[in-house]
Amino acid sequence: MSHADYLTSDQLYRALNIRDLSDPDQGRHAIQSLLQSVIDRLQPELDSSLRYVRSSPVVPVRDNYDRLGYDPGDVTRARRYTRYISPAVDRTHVGEPHQVDLWRIRSTPDTGDEDMLTMIGHLVEAVLPDAQWRTTDVAHPYTVGGRQIDVFHDGEWLELAECGRIHPEVLRGSGLDPERWSGLALGMGLERALMLRKGIPDIRYLRAEDPRISAQMLTLDPWRHVSLLPAARRDLSVVVDAEEDEETLGDRIRVALGDNADVIESLEVLSRTGHEELPEAARSRLGTQDGQVNLLIRIMLRPIGRTLTSDEANVIRNAIYEAVHEGPVMELI
């Protein structure tokens, strides 16, 4: 595994200096109000004491995966889910979501599904009052009877969180005898929860500096529409490894653009053609090989607070192209 698979010093510095929107010491944000509403709902209903754990964002692989029962080959360790700062098990992933993990530990061995469903009901009511919800079975190495929690919002079912009864081996690994202890584990992405609660249409708004937007990120009041500036569209024809998809391409692009990554509003793969499906003339022109595909990608560029000039959009387009294109023929503008 090459050093290019992991965070560079600059990427690590940037990641560690991004504001934690859930931390009141770093300024007010609606994410804090949402999390507090969950705590206010759950604590009295579950008759629990409360302990906050806010540790370093740099977590050993052992604590993040091994102690929770993940196998070395599990997809959860892959680059789209984890950012590695030293050689480990996979490539780097870009993005800094806010994940809250709620662990309910009980000094009794009989925590059951009814306890879990009760907790789910309180959680949904705190995040999306009166929302319809459902659960589906899902497997976690750290739980028994895992469930995915979906809520019905704007005409569709969307995932809100996942949970389950704490696996006996996880309890045992933490020094708790599963014959005497049990509990529930729940994980929820705070960005998704806040966007559903407020009706926010774009995740970039959570960190926007435009006062029309940032003022709305201080409360749980419903989102009020803000007129956006015109977008710049750029279509690219690139050659990439057949295993690449929209998510991994987006990661590579955000790494390449660094602090300018927030200009990307969306990335869409319009077409995907394997090397063996391309006409001979196209293979020759693009220089594709076995195991590669030709993608037509549409990039929408729209900074929140300003308009891009055509030249600026072209510079960004070229940076994106150079970040993802793996063919020998470069088509820059």
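Quick notes on this structure:
- Contacts under 8 angstrom Cβ, first residue in the range 309-324 being part of a helix (DSSP H, G or I), partner among the aromatic types (Phe, Trp, Tyr), 6 or more apart: none
- Count - residues of the range 287-308 that are touching a residue at least 60 places away in the same chain (Cβ under 8 Å) and open to solvent by 20 Å² or more (accessible area, probe 1.4 Å): 9
- Residues in the range 120-167 that are part of a strand (DSSP E or B), touching a helix residue (DSSP H, G or I) at 6+ places or on another chain (Cβ under 9 Å) and closer than 28 Å to SER107 by Cβ: THR135, THR143, VAL144, GLY145, ARG147, ILE149, ALA161, CYS163, GLY164, ARG165.
- Residues of the range 124-153 that are of a type in the set (A, V, I, L, M) and closer than 26 Å to ARG67 by Cα: VAL138, ALA139, VAL144, ILE149.
- Complete set of residues in the range 1-33 that are surrounded by 13 or more Cβ atoms within 10 Å (Cβ to Cβ) and part of a helix (DSSP H, G or I): ASP5, GLN11, LEU12, ARG14, ALA15, LEU16, ALA30, ILE31, GLN32, SER33
- Any chance SER266 is touching a residue at least 60 places away in the same chain (Cβ under 8 Å), under 21 Å from HIS325 (Cα atoms) and open to solvent by less than 50 Å² (accessible area, probe 1.4 Å): no
- Leading residue by the ranking (modelled with the highest pLDDT) among those in the range 204-236 that are of a type in the set (Val, Ile, Thr) and closer than 20 Å to LEU308 by Cα: ILE213
- Single condition GLN36 does not satisfy, out of (1) touching a Leu at 6+ places or on another chain (Cβ under 7 Å); (2) open to solvent by 50 Å² or more (accessible area, probe 1.4 Å); (3) at pLDDT 95 or above: (1)
- Any chance SER284 is out of contact with any Lys or Arg (no Cβ under 6 Å at 6 or more places or on another chain), open to solvent by 40 Å² or more (accessible area, probe 1.4 Å), at pLDDT below 95 and in a helix (DSSP H, G or I): yes
- The condition (being assigned to a helix (DSSP H, G or I), out of contact with any Lys or Arg (no Cβ under 8 Å at 6 or more places or on another chain) and either open to solvent by less than 80 Å² (accessible area, probe 1.4 Å) or acidic (Asp, Glu) (or both)) is satisfied by just one residue among GLY250, GLY258: GLY250.
- Any hit, the range 210-229, residues being touching a Leu at 6+ places or on another chain (Cβ under 8 Å), farther than 21 Å from ASP154 by Cβ and among the polar types (S, T, N, Q): no
- Considered as a group, the residues in the range 165-190 that are of a type in the set (D, E, K, R) and surrounded by fewer than 19 Cβ atoms within 10 Å (Cβ to Cβ) include one that is farthest from LEU35 (Cα to Cα), and that residue is GLU179.
The values are calculated or read from the model by the stated rules, or taken from the named source; none is laboratory data. Since the model is a prediction, treat every value here as computed from it, not as a measurement. FYI the Cβ positions are ideal-geometry reconstructions off the backbone, even for glycines, and counts take in every protein chain you see. All accessible areas refer to the heavy atoms of the entire protein, side chains included, with ligands and DNA or RNA removed. Shrake-Rupley method; radii C 1.70, N 1.55, O 1.52, S 1.80 Å.
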